[in-house]
Amino acid sequence: MLNTINRVLEGIDNFVWGPPLMVLILAGGIFLTFRLYLLQIRKLPLALKWMIKNEEGGNGEITSFGALCTALSATIGTGNIVGVATAVGTGGPGALFWMLVAAFFGMATKYAEGLLAIKYRVVDDKGHVLGGPFYYIERGMGLKFRWLAKIFAFFGVCVGLFGIGTFSQVNGISSAVKNVFDPLDKHTLSLPIIGNYSIAIIISSLILSIAVALVLIGGIKRISQVSQIIVPFMAIIYVVFVFVLIVSNITQVPQAILTICKGAFNPKAVTGGAVGTIFVCIQKGVARGIFSNEAGLGSAPIAAAAAQTKEPVRQGLVSMTGTFIDTIIICTMTGLSIVITGAYKVPKLEGVQVTTYAFQKGLPFGNNISSLILMICLVFFAFTTILGWNYYSERCLEYLVKEKNINTKKTIQIFRWLYILAVFIGPYMTVSAVWTVADIFNGLMAIPNMIAIFALSKVVVTETKKAFAKMVEVNSET
């Protein structure tokens with residue numbers, strides 16, 4: 001039965017992530033890159049400066065840095081650790097190359113999303129700042145396209161509840177905890193209907209569910225506060241340890257880079273035929289890259305809309321740094337460590353087990369300590385992702401029910417309990433099914449958002465030219 005379900009899900013996934021969608025997302029990034037004259041290169045230093053310097057007198061609920069951390073909390077998660085491993089494992093080392101290509105052009109897409117989020121955001125009757133693709137579709141493209149906004153919002157709820165937000169994150173956490181505390185399944189417990197599972201998995205799912213519930217009660221401000229503390233701290237720790245791994249194996253780095261580049265265009269030559277075609281390599285790289293950095297997905301602008309800023313272009317640049325940090329820095333380092341240690345070649349390893357093997361073999365600290373380091377990073381990364389995606393999903397749900405005479409507050413409360421339940425049951429799903437479901441909803445969510453990005457690209461270009469012309473004028477006066 002499970003095999004049949006997996007085959008059906010894989011068939012849907014291959015259809016959703018076929019050439020049309022990948023072309024749509026990549027073409028959007030390429031189109032914006034050239035229309036904005038390589039803005040992701042020219043303005044990256046300014047973007048990094050504004051990332052940590054909050055704007056004075058801006059309107060919104062949280063700081064720009066807080067909005068970025070909330071967005072990063074939803075992007076820096078299992079995609080950076082497990083997603084990269086899955087991409088390299090199923091698409092070969094060359095998948096990392098295509099992940100980086102997608103991320104480079106995705107920076108332009110993320111810029112556009114952040115800009116549009118601020119330009120078309122609204123303030124509700126309670127003073128809450130709301131924004132995201134459903135608002136820039138409705139207010140930018142016109143009310144006649146509200147149906148497209150509702151499609152986005154529906155899939156946004158699904159991605160949070162069944163995809164990135166819950167199953168894949170908690171599944172990665174529980175697998176990492178089990179690898180550290182009960183790798184041989186010596187301590188198991190039989191659960192009705194579900195079956196036998198390690199006690200480590202059961203306890204971790206309970207603790208995580210309770211922790212998520214306690215934070216979600218506080219809404220966006222508490223999520224932002226938690227994210228501003230955890231995300232920068234854990235990102236730095238993870239980067240430091242992966243850097244140590246790479247430096248410890250520095251002599252193998254040139255060969256690893258050659259393997260990645262060669263595998264991008266001739267995957268069979270690198271994997272010995274394990275990866276069939278270059279299309280599979282590109283597909284896995286692009287899909288996992290979008291899963292990780294969410295450029296084109298339309299999720300990050302929901303958090304960006306709450307930023308305390310008056311300038312859409314400024315928040316667009318800050319949003320752009322999220323893709324740079326998430327994929328071009330963190331995912332690259334993870335992928336490089338997996339290729340350097342040959343972890344992707346080890347049979348029967350999947351998901352977090354691949355990255356765990358890379359840490360154990362590559363770090364000079366011994367297997368137990370290396371596994372513990374990865375587990376801690378993964379737990380905190382995935383925890384903040386769960387929080388961030390709850391916020392995204394709730395905003396999508398609010399948009400869907402706002403004009404239906406439905407008690408919004410009660411609906412959100414019910415949704416939160418369903419979300420917590422999804423967190424609890426996530427560890428008991430198979431790794432392949434979890435990632436396939438996440439891929440499907442990611443792809444479906446991206447379609448309406450990318451249509452809006454193309455439709456409003458002229459607005460993005462006009463706002464950008466106007467803002468930078470104003471900056472030049474101000475600088476010349478001073």
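Summary table
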| read-out | value |
| --- | --- |
| For Phe454, net neighbour charge (Lys/Arg +1, Asp/Glu -1) across residues whose Cβ lies under 13 Å away | +1 |
| Peptides 359-370, 134-145 ordered by average Cβ neighbours within 10 Å, highest first | 134-145, 359-370 |
| Helix-derived mean residue ellipticity, 222 nm - over the chain, DSSP H n ≥ 4, -39500 (n - 2.57), to 500 | -23500 deg cm²/dmol |
| Cβ crowding within 10 Å averaged over residues, with 392-399, 108-115, 178-185, 148-155 ranked highest first | 108-115, 392-399, 148-155, 178-185 |
| Folded to 0 to 90 degrees: helix 219-248 orientation relative to the chain principal axis, Cα | 50 |
| Percent accessible area from carbon and sulfur atoms, the chain, protein chains only, probe 1.4 Å | 67 |
| Among 312-322, 18-28, 296-306, 332-342, the order from most to least packed when residues are scored by Cβ within 10 Å on average | 296-306, 312-322, 332-342, 18-28 |
| List Val226, Val472, Val231, ordered by accessible area with a 1.4 Å probe, largest first | Val472, Val226, Val231 |
| Contour excess over end-to-end distance, with Cα ends at Trp417 and Leu206 and 0.36 nm allotted per residue | 74.6 nm |
| Dipole magnitude (debye, nearest 20) for the chain, charges at Cβ of Lys, Arg, Asp, Glu | 520 |
| Probe 1.4 Å, accessible area per residue of segment 106-210, Å² | 41 |
| Rounded to 10°, Cα long-axis angle of helix 457-477 versus longest principal axis of the chain | 70 |
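The values are calculated or read from the model by the stated rules, or taken from the named source; none is laboratory data. As the structure is a prediction and not an experimental result, all values here were calculated from the model. Cβ: placed from backbone, ideal geometry, glycine included. Neighbour counts: every protein chain shown. For the accessible areas, the whole protein counts, side chains as well, though only heavy atoms, and no ligand, DNA or RNA atoms are used. Shrake-Rupley method; radii C 1.70, N 1.55, O 1.52, S 1.80 Å.
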